[in-house]
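Just so it is clear, none of the values below were taken in a lab; they were calculated from the coordinates. Note that the structure is predicted; figures quoted are calculated from it, not measured. Cβ: placed from backbone, ideal geometry, glycine included. Neighbour counts: every protein chain shown.
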Amino acid sequence: MAKLYFNYSSMNAGKSTALLQANHNYLERGMKTKMFTYSGDNRFEENKIVSRIGISAEAHSFTNTTDLFKNLKEDNEREEIRCVLIDEAQFLTKEQVKELGKVVDELDIAVLAFGIRTDFRGELFEGSKYLLAWADNLKEIKTVCWCGRKATMVVRLDKKGNILTRGEQVEIGGNEKYVPLCRAHFNKKDLGS
């Protein structure tokens, strides 16, 4: 029986690496997968999931208007899909999370979603909020703060390395823009430098 999985963490925990490993495991066993990543994340290449450790794979992009259920239903009618893998799942809409639930419940296809739980203000992303509420299985992928504690939060930095507390929720970036912190250091705005 298929399930909807949400694998979440702060920045730099290895979500994309875990996703690419899961995809490899399905392919190695001769099972078809379909991977998606957020269209707004073009730090590396469009339509590509890239891990910081250097592995990558082609993927389909999604926007906030992509009908994931329709897309997957049509593809599954042509060739059986065994697993759908979603990178940057925090950018899914509420409706798209519902659609992924239908993919699991009506098409019996496993869905593995990987994303960040909270933004730089400590607020839930829309996709994360509904995945936390509706997923069958939740798994935290852990990373560490500069102090060695588990990092559950993330801060956004300006070009001078100062912590930002205001701005748009979505601003794509990597290590140059975001730093994972434990809750205590997030609240103190302490980068440990």
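In straight Cα distance, which lysines are under 21 Å from K48, not counting same-chain residues fewer than 8 positions off?
K15, K32, K34, K177
For the stretch 9-115, report the convex hull volume of the alpha-carbon atoms normalised per residue, in Å³, without decimals.
Roughly 96 Å³ of hull volume per residue.
Looking at the P(r) of the chain, how many percent of alpha-carbon pairs lie beyond 30 Å?
19 percent
Would you mind checking the tilt of helix 15-28 against the longest principal axis of the Cα atoms of the chain, expressed as 0 to 90 degrees and rounded to 10?
For 15-28 against the chain, the angle is about 20 degrees.
List the aspartates and glutamates whose Cα lies under 13 Å from the Cα of K150, skipping any in the same chain that are fewer than 8 positions away.
E140
Once the Cα atoms of helix 94-107 and of the chain are each reduced to a long axis, what angle between those two axes, in degrees from 0 to 90 to the nearest 10, is obtained?
40 degrees
May I ask you to derive the FRET efficiency for K139 and S193 from their Cβ-Cβ distance with R0 = 35 Å, giving the value to the nearest 0.05?
Computed FRET efficiency for K139 and S193: 0.65.
Given a Förster distance of 25 angstrom, what is the FRET efficiency for D67 paired with L27, based on the Cβ-Cβ distance and rounded to 0.05?
The computed FRET efficiency comes out at 0.50.
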